[in-house]
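The values are calculated or read from the model by the stated rules, or taken from the named source; none is laboratory data. Every value quoted in this text rests on a predicted model; they were computed, and no experiment measured them. Cβ atoms come from the backbone with ideal geometry, glycine included; neighbour counts cover every protein chain shown.
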Amino acid sequence: MKFNTDKNKKFIKTIYWMILVGVGGFYLFNYFISVDPVLEGRNIFYFTAAIIIFSAFWYLRARYFEYDSNGEVFIFINKGVLLTDFVNYREQKAEFPKAKLYNYKIKDYLIYRALYIYVRSKDDTIKRISFDITFISPKRVDLLKQSLNKVLKQNRNVA
């Protein structure tokens, strides 16, 4: 099975730029056009802080995910969505044989979802690799679980 979050990539970029343009337009209107500013003093500070925190969170959480289980190897890829056309500094890639999969967990936190993959290494230690799967649809998450469970079942039958 193979899938990625290409459709969400465009949506994430659009939302991020809409937020930046909307906030910029609001500040221009508030200070240069409006006779009676909507936000003043402390309120403008709180509004600005909230927008900066939300934008930073969106930037950090907005990640592209790709999964490929065709063949004898798993391939998991996480990339940043914003600015990756220019600088690809947030790429995380894991490629390993299916026989080395030890376990996995999918954790749903309040505002994001994470996939933890446990892989058996050469010296029989277990290594944990985490991926952000926030923007994967619930249907795709179920398919991912089915695929991983199938491989885990095969690994346990062989062992």
Selection over region 133-150 where residues are of a type outside the set (A, V, I, L, M), assigned to a helix (DSSP H, G or I) and either touching a Pro at 6+ places or on another chain (Cβ under 9 Å) or surrounded by 13 or more Cβ atoms within 10 Å (Cβ to Cβ) (or both) yields a count of 4
Which pairs have Cβ atoms under 8 Å, sit 6 or more apart or on different chains, and link a residue in region 76-90 that is within 11 Å of residue 59 (Cα to Cα) and in a strand (DSSP E or B) to one that is modelled with pLDDT under 75 and among the hydroxyl-bearing types (Ser, Thr, Tyr)?
80/89
Which condition number in (1) assigned to a strand (DSSP E or B); (2) over 19 Å from the mean Cα position of the chain (by Cα); (3) without any contact (Cβ under 8 Å) to a residue 12 or more places away in the chain is the one that residue 153 fails?
(1)
